Amino acid sequence: MKYLDEYRDGASAQRYAESLRAIVTRPWTLMEVCGGQTHSIVRYGIDEMLPPGVTLIHGPGCPVCVTPVGTLDRAFRIARQPGVVFTSFGDMLRVPGTQDDLLHVRADGGDVRIVYSPLDAVTIAEREPDRQVVFLAVGFETTAPANAMAVLLAARKRLTNFTVLLAQVRVPPALEAILQSPDCRVQAFLAAGHVCTVMGTAEYGPLCSEYHVPVVVTGFEPVDLLQGITMAVRQLEEGRSQVEIQYRRSVRPEGNPRARAALEEVFEIADRDWRGLGRIPRSGFALRATYAAFDAERRFPDAEPLAREDPECRAGLVLQGRLRPQECPAFGTRCTPDHPLGAPMVSSEGACAAYHLYRRRAHLAQVGAA
Amino acid sequence: MSGEIVCPVPLGDGRRILLAHGGGGRLTRELVERIFVPAFRNDALAALHDSAVLARPAGAFAFTTDSFVVHPLFFPGGDVGKLAVTGTVNDLAMAGARPLYLTLGFILEEGLAVDDLVRVVASVQAAAQEASVAVVAGDTKVVERGKGDGIFITSSGVGVVEAPRPVSPAAVRPDDAVLVSGPVGQHGVAVMAVRDGLAFASPIVSDCASVAGAVLALLGSGVDVHCLRDPTRGGVATVLNEIAAQAQCEIGVHESAITVGEDVAGACEVLGLDPLYVACEGRFLAFVPASDADRALDVLRARPETAHAARIGTVRRDGTPGLVVLKTRAGGERVLDLLSGEQLPRIC
């Protein structure tokens with residue numbers, strides 16, 4: 001496949017690994033922000049190709065993982081209501097709330113439907129005017145424009161039966177929260193290529209200058225990642241901390257102005273709760289007052305107490321890069337993709353899932369040896 | 001078989017299946033006599049008795065059953081009727097058997113368009129003819145609207161074993177070559193594309209087909225076939241895991257050797273699916289001694305339906321029993337695990 005095969009090429013990957021080896025003089029710790037990058041790294045064994053001392057730790061960039069359990073429980077309660085069509089992206093269906101997931105809600109008779117785009121949910125609302133259609137709008141700045149477009153479209157069509165349950169988060173405040181944590185080990189970030197495709201790179205400049213961390217906006221294929229790591233290490237070795245773009249085939253410094261205009265029109269910046277990380281100031285989006293009619297939290301008022309995490313799940317530490325998935329006592333035993341304690345074990349971008357899927361043999365060998 | 005299906009008049013109002021079509025009365029008889037019997041004309045069926053009475057072939061029997069539920073009923077490259085034939089025929093072939101007879105149980109949903117039933121039955125007939133099997137008995141029930149999904153079909157099949165030695169995971173040996181009969185993942189993506197209204201530049205066509213001819217050719221050539229398995233639900237990755245577990249061996253496969261069509265690869269990339277876990281309905285994996293691998297590939301590649309057969313891996317002499325390891329395109333190795341439930345399209 002053009003634009004993919006060349007970035008998965010074993011020989012090019014080896015060349016970048018060698019050029020990285022040539023410039024490294026001491027240990028460095030980098031965080032890849034996005035869960036898609038984490039999966040590529042573990043799937044293709046990128047971390048094993050790095051020179052000794054260059055360590056990758058996995059960041060919080062999995063939209064499924066950071067959606068608060070309270071939002072999920074609320075989603076499940078809405079989805080169980082008669083007359084509701086509850087729509088969601090596919091990989092939210094298996095994510096556990098306090099005691100449920102959407103697959104079970106559907107099995108119990110809830111009308112839960114997978115959509116590929118939030119605009120499909122608007123189409124359902126148009127076709128089924130007697131039902132309340134709710135879309136679970138989770139994600140980072142990557143999914144936000146399409147979610148904003150869905151609200152704009154519903155507004156233009158004057159739909160009164162379409163709402164979004166919003167858990168929309170922003171990357172830069174989360175990175176800042178990680179940098180502010182007292183035991184932060186991160187010396188450079190590989191920023192998420194698709195987030196910056198939408199938002200551009202301006203938001204990352206202040207992080208670079210204030211915390212002296214290089215930020216390299218990086219893609220998702222093996223060659224992208226190795227090139228991004230090399231660029232970040234070169235900055236560290238040279239004592240620079242700047243925003244650089246590795247993922248040039250997709251990212252412009254100004255981002256995508258039309259997508260950003262849609263965001264600006266529909267959303268305002270708000271404080272948000274992150275699963276595992278807690279409340280982070282200005283770390284998400286909320287609907288502007290003009291579009292409050294499309295807010296599922298208003299349409300379906302809910303007085304249930306906020307849900308609590310399973311205390312055994314260490315997802316918060318994993319999401320901050322402070323614990324490797326296989327270091328969690330529950331990993332592979334009490335927490336598996338079939339019986340997850342937390343979201344990172346089931347999401348397609350979750351770090352625990354990546355290790356369980358691709359590194360089980362190494363883990364089995366370790367456990368066997370112990 | 002003539003394959004000619006007469007116009008289904010009167011059949012009630014003639015357009016929709018009614019509950020009465022399953023009631024055992026006049027409408028049931030019309031349905032059977034006008035749609036099913038003409039399609040599958042053969043002596044055993046024509047007797048319309050409670051059981052088909054069949055001559056006993058020499059050799060051991062293979063006997064299998066499977067149920068087919070697919071939404072939508074029709075998809076590029078096939079439909080539920082063709083699936084019901086090829087699925088059962090292929091299961092027989094996987095035991096090294098020549099498929100001979102099928103029985104079909106139809107569960108129809110009230111309100112089904114009679115035209116759709118006629119199309120499905122015609123497709124059953126064509127697939128049966130193609131695979132040289134006779135449909136010798138059948139049954140029809142009708143359930144209330146909303147309690148079915150158009151047409152459900154259960155098919156059972158009988159074949160006679162032609163493999164000289166048992167073909168099963170127990171026969172898998174270290175160093176065996178693992179072959180796949182063609183590109184993988186087409187069926188699952190084709191059905192998902194029509195079910196979910198995904199528009200691709202050109203429609204992805206299901207690989208739904210009988211593999212019995214290719215299997216019999218392989219057996220006839222004298223290749224010492226150890227094990228056969230069709231990668232239906234869960235795709236190639238799941239089937240490799242099943243065999244690794246049953247045979248208590250480690251299997252190593254090369255990602256670059258497994259052919260995935262450009263269109264299927266593209267669709268999977270967009271949807272976040274791994275084609276190795278996507279169902280095929282016209283492919284099979286074969287485990288043969290390494291010394292027979294080239295001959296087996298020659299036999300398969302000489303046939304149009306298996307022209308793209310390839311060797312994808314090896315049963316490892318040492319290793320962890322039950323494990324499947326994938327050598328990736330980028331040069332690393334990783335575990336190819338069982339999935340938990342179905343694959344779900346991802347967010348971004």
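Bear in mind these aren't lab numbers, they're just calculated from the coordinates by the rules spelled out. Given the structure is predicted, the values throughout are model-derived calculations rather than measurements. Reconstructed Cβ throughout: ideal geometry from the backbone, glycine too, with neighbour counts over all protein chains shown.
Descriptive notes on the structure:
- Approximate spin-label separation B:Ala257-B:Thr28, in nm, with each point projected 7 Å along Cα-to-Cβ: 5.4
- Cut-off under 5 Å, modelled amide H: who pairs with A:Val243 long-range: A:Val215
- Sum of -39500 (n - 2.57) over DSSP H runs of 4+, divided by residues of chain A (222 nm, nearest 500): -11500 deg cm²/dmol
- Residues A:Thr29 and B:Lys147, FRET efficiency given R0 of 45 Å [Cβ-Cβ distance, rounded to 0.05]: 0.15
- B:Arg316 long-range amide H proximity, modeled H, under 5 Å: B:Asp175, B:Glu250, B:Ile251, B:Gly252
- With respect to chain A, whose longest principal axis is taken over its alpha-carbon atoms, helix A:69-79 is tilted by about 30°.
- With N as its number of residues, the protein assembly as shown has a Cα radius of gyration that, divided by 2.2 N^0.38 Å, comes to 1.05.
- Database remark: amide H of B:Ala97 closer than 5 angstrom to the amide H of B:Glu162 (H placed geometrically; neighbours at sequence offset of 5 or more, or on other chains; Pro and chain starts carry no H).
- Computed [θ] at 222 nm, deg cm²/dmol, chain B (DSSP H ≥ 4; -39,500 (n - 2.57); rounded to nearest 500): -8000 deg cm²/dmol
- 3J(HN,Hα) from dihedral phi, the stretch A:196-203, Karplus parametrisation 6.51/-1.76/1.60, rounded to Hz, x for glycine, proline: 6, 4, 7, 8, x, 10, 4, 5
- Relative contact order (%) - the stretch B:106-194, alpha-carbon pairs under 8 angstrom, separation at least six: 41
- Counting 0.36 nm for each residue step from B:Val205 to B:Ala290 and taking away their Cα separation leaves a gain of 27.3 nm.
- Taken one residue at a time, the phi angles of the stretch A:282-293 give Karplus couplings (6.51, -1.76, 1.60, θ = phi - 60°) of 6, 9, x, 10, 10, 5, 5, 4, 4, 10, 4, 5 Hz. Gly and Pro are set to x.
- Potential lengthening between A:Arg77 and A:Glu264 on full extension [0.36 nm per residue; Cα-Cα distance subtracted]: 64.3 nm
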